[in-house]
Amino acid sequence: ISILLDRPVELARARVDIDRTIRVHLRSAAVTTRLVTVTLRPPPGLRPDSASRAVTLSPHGSATVSFRLRGRLGPGEQRVIAYAESPGERYEIGYSTIDYEHIRPRRLYRRASTEIVVADIAVPPGLNVAYLRGVGDNVAPAIEQLGIPVRIIGATELASLDPSRTGVLVIGPRAYESNDTLVANGAAVLDFARRGGTVVVKYGQH
């Protein structure tokens, strides 16, 4: 049984209420149906809505089990651990597959855990972020994990951004390389900054 959590790393603010869903992904390599019990072990300060859940995996089947975690954490690094048990066996490792046309498929193995990096961050009241996606981009969820509202926008919406309502514009990694519409609307990005907005551009080459 392969067992993995959604992300190896997540972010959280210190001493602020946390309420998030942790998804545990299971994949069976067995040729028979397996009854599996999934157990979640959060760090002190977080409470799951259930210590364990049971799921039936069909031969070579897969399933996702969700837990809701609530509580508070102090600054530092904490870890959420999951494991699966099927009669007589315990599983703590899973894999994801990298499969592109130009390389052979490869499996990347890791433990079923998520490290929560807890930072002492002060978020200004009313902060809102507009996010324009880049390439291979997982930045927006990280911003949301800090309790900051994020609205995903397209490049055609740049000219209508109002800094008094949306104070920050974040442009994802390599967005200028992959988005011709963004390049064509580059003047709108500069105008947003001139009108008092904050612009953050992730890594890029252009």
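The values are calculated or read from the model by the stated rules, or taken from the named source; none is laboratory data. Please read all numbers here as calculations on a predicted model, not as lab measurements. For neighbour counting, all protein chains shown are included, and Cβ atoms are generated from backbone atoms with ideal geometry for every residue, glycine included. Areas reflect the complete protein model, heavy atoms only, side chains present, ligands, DNA and RNA absent. Shrake-Rupley method; radii C 1.70, N 1.55, O 1.52, S 1.80 Å.
Condition first: part of a strand (DSSP E or B) and not polar (S, T, N, Q). Now tell me which residues in the stretch 66-83 satisfy that. Of everything in the stretch 66-83, those that are part of a strand (DSSP E or B) and not polar (S, T, N, Q) turn out to be Phe67, Arg68, Leu69, Arg70, Gly71, Gly76, Glu77, Arg79, Val80, Ile81, Ala82, Tyr83. Filtering Glu157, Glu144, Glu85, Glu101 for residues that are within 24 Å of Val38 (Cβ to Cβ) and either of a type outside the set (A, V, I, L, M, F, W, C) or at pLDDT 95 or above (or both) leaves a single hit, Glu85.
Filtered by the rule that a residue be open to solvent by 60 Å² or more (accessible area, probe 1.4 Å), small (Gly, Ala, Ser) and part of a helix (DSSP H, G or I), the stretch 137-190 gives Ala159, Ser160, Ser178, Ala184, Ala187.
Using the structure shown, decide if Leu108 is at pLDDT 95 or above and either under 30 Å from Gly197 (Cα atoms) or in a strand (DSSP E or B) (or both). No; evaluated as a whole, the condition is false for this residue.
Taking the stretch 12-56 as the range and being acidic (Asp, Glu) and either surrounded by 20 or more Cβ atoms within 10 Å (Cβ to Cβ) or part of a loop (DSSP other than H, G, I, E, B) (or both) as the test, the residues that pass are Asp17, Asp49. Before we move on, is Val36 over 30 Å from Ile148 (Cα atoms) and in contact with a strand residue (DSSP E or B) (Cβ under 7 Å, 6 or more places away or on another chain)? Yes: the conditions hold for Val36. Only residues that are assigned to a strand (DSSP E or B) and open to solvent by 30 Å² or more (accessible area, probe 1.4 Å): list them for the stretch 84-96, please. Across the stretch 84-96, the qualifying residues are Glu85, Glu89, Arg90, Tyr91, Ile93, Tyr95, Ser96.
Assuming Ala188 fulfils every condition listed in (1) without any contact (Cβ under 8 Å) to a residue 40 or more places away in the chain; (2) in contact with a strand residue (DSSP E or B) (Cβ under 9 Å, 6 or more places away or on another chain); (3) hydrophobic (A, V, I, L, M, F, W, C); (4) more than 25 Å from Arg72 (Cβ to Cβ) apart from one, which condition is it? For Ala188, the failing item is (2). The single condition among (1) surrounded by fewer than 18 Cβ atoms within 10 Å (Cβ to Cβ); (2) not in a loop (DSSP other than H, G, I, E, B) that Gly196 does not satisfy is (2).
For residues that are small (Gly, Ala, Ser) and in contact (Cβ under 8 Å) with a residue 40 or more places away in the chain, scanning just the stretch 60-83, find the one that is most open to solvent (accessible area, probe 1.4 Å). My answer is Ser66. Output the residue which, of all residues in the stretch 127-136 that are in contact (Cβ under 8 Å) with a residue 40 or more places away in the chain and assigned to a loop (DSSP other than H, G, I, E, B), is surrounded by the fewest Cβ atoms within 10 Å (Cβ to Cβ). Once the filter is applied, the top-ranked residue is Asn128.
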